[in-house]
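Single-structure report; data block below.
The values are calculated or read from the model by the stated rules, or taken from the named source; none is laboratory data. This one's a predicted model, so the numbers in the text were calculated from it and none came from an experiment. Every residue, glycine among them, receives a Cβ derived from its backbone with ideal geometry; neighbour counts consider all protein chains shown. Calculation scope for accessible area: heavy atoms of the full protein, side chains included, ligands and nucleic acids excluded. Shrake-Rupley method; radii C 1.70, N 1.55, O 1.52, S 1.80 Å.
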Amino acid sequence: MSAALSAREQGASVCIVTKQHPLRSHSSGAQSGINAGLRGADAWESHGMDTVKAGAYLSDQDVVENICQEAAARVIALEHMGVPFDRNGDGRIDQIKFPASSEARTCYCSDATGHNILQTLYEQVLRMQIPVHHDCSAVSLIMMDDGTCQGVFARSLRDGSLIAFSSGSVVLATGGMGRMYLDNTASTASTGDGMAMAYRAGAALRDMEMVQFAPTALAPNGILITAAARGEGAVLVGSNDAQLDSLAGSDAVSQAVARELANGDVRLDFKGVDSERLSETRLLIKDLAGIDISKDSVSVRSVMHRPIGGIKIDGSGSTGVAGLYAAGECANSGLNGANRLGGNALLESVVVGRKAGESAAGHAGSVGPAPDLVSHQADEERKVAAIVARGKNGESSGLIRRELASLMQESVGIFRNGSGLSEAAAKLATLKVRCGAVGVNGPASGYSTEIDSIIELGNMLDVAEVIAASALAREESRGSHARTDFPNRDDENWLKHTVARGSGDGVKLDYEPVTVTRWKPEGSS
């Protein structure tokens, strides 16, 4: 929505195509907050330093500088739109200190920040009369013979029809891919659609081995407890009543919790925390676990949270494919490196979304008349018809999904090793073949989700293949990528981005240098 609003402000004709209603987007689950250095001319610098350290120096520091410098303006703009940020005693936007941050810079709306930002942006979408086509699942990009992207094909859930949305440019803001993991905090729509479509269209995926895990999911159901809880003083306690370092980065804490769970229970203790400042969390835990956090601690575990890798984009949101832009959780701007600093996810979405919208509007203005899409649409309809024609054959997209999720959890999860990753790559190839045989059991009519589920499964398998290949190739441990057979960080050989492209022979990996400006890795000269 940030991209749509930005593009409309540039005078472009805009519409939003989404497979869910915008207010059900995954951003609504971003409870914690949004980072910005609001106080002091140099406040952005400590924000930048914390971002680079949290990312284990894999962040592109020119990107870090640009986003951290723009953060204050974006937060103030959100406040002017109507986001009801909490206030301190002076009436100014309040800020708390998040884990792995050196300063209190996270702005928040109680513990429902993502929901409030989403609601406010949607109000602006309505105010600017931007059409929203929801219940439309994007299935492929409209690619011209000259390699430019000029729209998207989407399947309507309402009647099963294939709709061509022709446009001068496309911004992908399709979210993450967390549903490919057994234990995850992702919404049901997080199936890697944008990443897969861009990848098949020739765009690169970057740093896909970097998958962020959250250390405090409610056991046993895996519902996320916001990092704001640890920022407010909640403490992780291990099986022998030993306190874990609750204020370290999410990668270190998640890995510590996972190791500790091998010996017993890990609990999050809210003793001394003002539970009224975590009202949504308090009610959530009460409803789902029957626990009053003001009196008792809760059992937690580490679960897959967000991708850090994604579609490679530059500072304008461009993917390198003419007419195709990306922002949000499906994209990799270079900000987060090997692990995301808490409070940066919403920031990256609004800053990069705004830039992508501006750039897409500028590009669209230079594109000629809408192309004739008759042959393109016929090709896409044949692909859907082929899925329908398979009919019942004993294979099930649901069964393959569960096998994929278990495989990713076990072999490409919080801890990895060479043998497990190699085995995962081989099994993924088999699952892709099986996915190609899955047919439709019922009628391919309105409100049938079977075809969508099969397409989503194909998307997840394509993305999972890139994650496994990238993780197998990176023979070190860095941030959220923890190799038990290569436990140390290796800046000499691996201070570089992984860049993946599709080829006839599968995933093709290449590497590119990390941009270092002012923050040198520890131990370097």
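Summary of values
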{"quantity": "Out of Val440, Val374, sole residue that is out of contact with any Leu (no Cβ under 7 Å at 6 or more places or on another chain) and open to solvent by less than 40 Å² (accessible area, probe 1.4 Å)", "calculated": "Val440"}
{"quantity": "Where Tyr122 falls short, out of the listed (1) in contact with a Cys (Cβ under 7 Å, 6 or more places away or on another chain); (2) aromatic (Phe, Trp, Tyr); (3) part of a helix (DSSP H, G or I)", "calculated": "(1)"}
{"quantity": "Residues located in segment 269-300, provided they are under 28 Å from Glu348 (Cβ atoms) and in contact with a Leu (Cβ under 6 Å, 6 or more places away or on another chain)", "calculated": "Val300"}
{"quantity": "Subset of segment 1-56 that is in contact with a Phe, Trp or Tyr (Cβ under 8 Å, 6 or more places away or on another chain), among the hydrophobic types (A, V, I, L, M, F, W, C) and in a helix (DSSP H, G or I) - its residue that is nearest to Ser140 (Cα to Cα)", "calculated": "Ala3"}
{"quantity": "Residue within segment 95-106 that is outside any loop (DSSP other than H, G, I, E, B) and of a type in the set (S, T, N, Q) present", "calculated": "yes"}
{"quantity": "Selection from segment 471-501 of residues that are of a type outside the set (A, V, I, L, M, F, W, C), touching a Gly at 6+ places or on another chain (Cβ under 7 Å) and either closer than 14 Å to Met208 by Cα or assigned to a strand (DSSP E or B) (or both)", "calculated": "Gly479"}
{"quantity": "Strands (runs of 3 or more DSSP E) fully within segment 267-380 counting 1 or more residues that are modelled with pLDDT of 95 or more and over 18 Å from Gly233 (Cα atoms)", "calculated": "298-307, 310-312, 324-326"}
{"quantity": "Residues located in segment 477-495, provided they are of a type outside the set (Ser, Thr, Tyr), in contact with an Asp or Glu (Cβ under 7 Å, 6 or more places away or on another chain) and buried (at least 18 other Cβ atoms within 10 Å of the Cβ)", "calculated": "Gly479, His481, Arg483, Phe486, Arg489, Trp494"}
{"quantity": "The listed residue being more than 24 Å from Asp314 (Cβ to Cβ) and surrounded by 23 or more Cβ atoms within 10 Å (Cβ to Cβ), out of Thr120, Thr106", "calculated": "Thr106"}
